[in-house]
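Each remark here refers to the structure printed beneath this line.
The values are calculated or read from the model by the stated rules, or taken from the named source; none is laboratory data. Owing to the predicted nature of the structure, the values given are computational and were not obtained by experimental measurement. Every residue, glycine as well, gets a Cβ built from its backbone with ideal geometry; the counts of neighbours run over all protein chains shown.
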Amino acid sequence: MKITCKKIGINGEGIGYDHRTPVFCDGILVDEVADVTIIEDKKRYKIAKLNKLLKQSKDRQQPICPIQNTCGGCAFMITNYHKQKEYKTSLLKEALQKYANINGSIVRHIHTDNRRLYYRNQCKLPVEERNGKLIAGMYSANSNHFIGVKTCYIHDKKVEEIKKHTLDILNKYHFHSYTKKEKTGIRFLVIRVLENQSHLTIVTGNTTLPKGVIEDLRNHVDSLFQCINTKKETLDILSGKMLHHFGEEVISLHLNETTLSLSPRAFFQLNYEQALSLYDMAISKIDPCDTFVECYCGIGAMSFLAKDKAKHIIGIENIQDAVDNANQTAKKHHYDHMQFYCMDASSGLYKAAISKPIDTLLVDPPRSGLDDAMLEAILTTLPTKLIYISCNPSTLAKNLSVLKDAYKVHTIIPFDLFPQTPHIESITVLSRKRI
């Protein structure tokens, strides 16, 4: 069948219509006409596979990656960067209107990154065995289908170098990929490179890394860890027992006069330089106050950037390693007015509000957004000002639809941290309404 793409979906797919029924199809851009085959026919929508483009957009470009159409990670690599920005801003505005009835006029101009490729400082790659050799790759969207990836063009080049050398060394020693039955073998490679420091974590089953492997890896990476994880299915691939084989246990990050510590399990933004721009913008929205609370704070980067903004600063995070990193940083620099707690966000917010009112709350939740417990905690404690950093327009808008009765939404500032992908970050600034 033939469809004309009318708009772009939240995952970068093209959306056309078959007698008013939406048809979702990867690989097509707005105004393109395509011959497609329906592969799933649901009650309210259909999913199609692209057969052939019958009319191409003037904004279409040839992707640098040869597997762009099968990997699915960089859906926007087929269009020029100007159009990528336009699509992302439209996705944000459409979500705000659809889920929160908020007019897109409050969305400001998107802040962009000069680097279109090689910006991602960390990868978490599953490992499979093909023709007797280990290869790293990715799982295609919403599936367990493994796709081998020889080179990823959005990864930092050093990350890619370490991946290649690690696989070469593991294959030299004839390692196998993980098997659920034996609970041995190589499962994932986790590689992070920041400020010329590199950490490699090899996630394995009940497998010993020989001395030769460890010594060979010294030539290619600054620090080596091994995580033994035999859980059958796990989203947290670093939840197992962590072994430290060599090198520094943390990466040291320098934010102004503060040196932060980042351990392998702790989260940090994947586009370092652009994240710093986003952080600076978020901190600029904090007025000098008595009490500032950051939930989902990770290693406390934004709290430390805001250290002179408040007399009391509290960070809440549910990953113990990240909390330990943050408290070590505060202690090292004698920031006695800062404390970090390992708690879920809602419990931590209630705890922070016990002794005194919260002047400013900053939240940076995962893609799932603020859960019901956190929304209730915000509406109960009622911080005077709320700064919401989001990586998902849909969950942001759904959360704002709940918060907007108690809070005025002033502005939304989008940032492009992930060129070539449909993902967009944003900063929303809200203030409590007068009762």
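Before moving on, here are some points about what is shown:
- Verdict on Lys88 being under 29 Å from Tyr388 (Cβ atoms), surrounded by fewer than 20 Cβ atoms within 10 Å (Cβ to Cβ), touching a residue at least 40 places away in the same chain (Cβ under 8 Å) and not aromatic (Phe, Trp, Tyr): no
- Some residue of region 130-147 being in the same structural domain as Asn206 (by TED's automatic domain parsing), of a type in the set (Val, Ile, Thr) and over 14 Å from Ile67 (Cβ atoms): no
- Breaking point among (1) over 20 Å from Asp26 (Cβ atoms); (2) more than 21 Å from the chain's Cα centre (by Cα); (3) surrounded by 15 or more Cβ atoms within 10 Å (Cβ to Cβ), for Ile78: (1)
- Residue satisfying all of: in region 126-154; in contact with a Phe, Trp or Tyr (Cβ under 7 Å, 6 or more places away or on another chain) and within 16 Å of Ile169 (Cα to Cα); surrounded by the fewest Cβ atoms within 10 Å (Cβ to Cβ) among these: Glu128
Conditions tested, residue by residue: (1) surrounded by fewer than 22 Cβ atoms within 10 Å (Cβ to Cβ); (2) of a type in the set (D, E, K, R); (3) within 18 Å of Thr259 (Cβ to Cβ).
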{"site": "Asp321", "(1), (2), (3)": "yes, yes, yes"}
{"site": "Gln328", "(1), (2), (3)": "yes, no, yes"}
{"site": "Met338", "(1), (2), (3)": "no, no, yes"}
{"site": "Met343", "(1), (2), (3)": "yes, no, no"}
{"site": "Leu349", "(1), (2), (3)": "no, no, no"}
{"site": "Leu361", "(1), (2), (3)": "no, no, no"}
{"site": "Leu382", "(1), (2), (3)": "yes, no, no"}
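- Taken as a whole, the condition of being acidic (Asp, Glu) and under 16 Å from the mean Cα position of the chain (by Cα) applies to Glu273.
- Residues of region 392-428 classified as surrounded by fewer than 20 Cβ atoms within 10 Å (Cβ to Cβ) and in contact with a strand residue (DSSP E or B) (Cβ under 6 Å, 6 or more places away or on another chain), total: 4
- Some residue of region 199-208 being out of contact with any strand residue (DSSP E or B) (no Cβ under 6 Å at 6 or more places or on another chain), assigned by TED's automatic domain parsing to the domain that holds His174 and buried (at least 17 other Cβ atoms within 10 Å of the Cβ): no
- Residues being under 22 Å from Tyr17 (Cβ atoms), buried (at least 17 other Cβ atoms within 10 Å of the Cβ) and among the hydrophobic types (A, V, I, L, M, F, W, C) - total across region 54-75: 1
- For region 148-167, a residue qualifies if it is more than 15 Å from Ile67 (Cβ to Cβ) and in a helix (DSSP H, G or I), and the qualifying residues are Lys157, Lys158, Val159, Glu161, Ile162, Lys163, Lys164, His165, Thr166, Leu167.
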